[in-house]
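The values are calculated or read from the model by the stated rules, or taken from the named source; none is laboratory data. Just so you know, these numbers come straight off a predicted model, no measurement behind them. As a convention, Cβ positions derive from the backbone with ideal geometry for all residues, glycine included, and neighbour counts pool all protein chains shown. To get the accessible areas, we keep the full protein, side chains included, count just its heavy atoms, and leave off ligands, DNA and RNA. Shrake-Rupley method; radii C 1.70, N 1.55, O 1.52, S 1.80 Å.
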Amino acid sequence: MSERPRVWVSQPLFDDIVARLGEYFEVDATAAVTQHTPEAANAALRRADGALVTLNDPIGAAQIAGATRLRAIANVGVGYNNLDVPALSAAGILASNTPDVLTETTADFGWALMMATARRVGEAERWLREGHWQRWSFDSLLGSDVHGATLGILGMGRIGQAIARRAVGFGMRTLYHNRSRLPEAVERECAASYVGFDELLARADHLILVLPYSPQSHHLIDAAALAKMQPHATLTNIARGGIVDEDALCDALEHNRLAAAGLDVYEGEPKLNPRLLQQRRVVLTPHIASGSLATRRAMVSLAVDNLIAALGYGPDAGRPPSPLNAPVRAGESVG
Ligand code: DGY
């Protein structure tokens, strides 16, 4: 009997969902949340035909060196800046991610964070818990309105569009900037108008970042960009931490050049820039935008489907639902 393919699961996920891999493969599961060194990931991948990984697992040339059996990497997450897709393609490894299933949940959270930021919910809760509340007062912890304001969305993919659709109910004017302008019908459905980057910064009362992280978007929101925003504006980031220059953000907050910020993602997370912790007017959450139970389960389930199909098994054998590349292995034909 020929040996069954072997897959590596890099982090503990939902056992009952991951168990589906056991129908087809030998599974090397990781029992506790682990920051694998490149050497440890490489050792695991050299034994594997496929792997299920998360944003905690950078997978590039160092991790796949000598992994001659490896044919598929399924990322549990829509963002895939942890994967070096060109390196995986060059090695004939099929990469996949988990779009769509998290769109609405992530948009809900973007709104929660934006509203908490505008209405100073984090600061108010800390103040109350610290025992400062002596009596109700008319002018305590005044925030800014979300309804009727101008919403700026930077990055108008699926999640950006879902955020825009919600803004209709709040009577907001929605402006967006994206690499490419959306078709008119989509703009109409989202009630959103395309503007240039500088105009978006200058006009938004509440700016939310939902664009992918790449060398082009690294520190896109820097001191110069923040200087173009209105002093009463808020900034919410649910994309990737590296898009914002955190020191420039702290400078802007400290000099009242920006009213408040809501951050779910950080450059170098889980380590935090200590200056952020000192800011009163920031709401900080630990990268949980897609974190409803149902959605996290759906993400793992889609990643499992991708891995099974990419390795040529299951009902979608050879046709993973959400591939990121179409690599061709040496000796295989494309036709
Ligand atoms: C994503 O899917 O990219 C989220 O940031 C969580 O993984």
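A few remarks follow.
- Each listed q (0.09, 0.15 Å⁻¹) maps to a log10 I(q)/I(0) for segment 103-284 from the Debye sum over equal C-alpha point scatterers, namely -0.30, -0.83.
- The charge dipole of the chain, taken about its Cα centre with unit charges on the Cβ atoms of Lys, Arg (+1), Asp and Glu (-1) only, comes to about 220 debye.
- Going by accessible surface with a 1.4 Å probe and the largest first, Trp8, Trp127, Trp133 read Trp133, Trp127, Trp8.
- Rounded percent of accessible protein surface that carbon and sulfur make up, the chain, 1.4 Å probe: 55
- Full-stretch length increase - Glu189, Glu125 - with 0.36 nm per residue and alpha-carbon distance subtracted: 19.4 nm
- Stretchable slack from His147 to Arg173, in nm (0.36 nm times residue separation minus alpha-carbon distance): 8.4 nm
- The order of the peptides 317-325, 247-255 by mean Cβ neighbours within 10 Å, most packed first, is 247-255, 317-325.
- Given charges at beta-carbon only (K, R positive; D, E negative), |dipole| of segment 103-284 in Debye: 280
- Taking a span of 15 Å or more along the helix axis (Cα atoms) and a mean Kyte-Doolittle hydropathy of at least -1.0 as the rule, the DSSP H helices of the chain that qualify are 103-118, 158-169, 293-310.
- Summing charges over neighbours of Ala40, with a neighbour being any other residue whose Cβ is under 14 Å away from its Cβ, gives -1 when K and R count +1 and D and E count -1.
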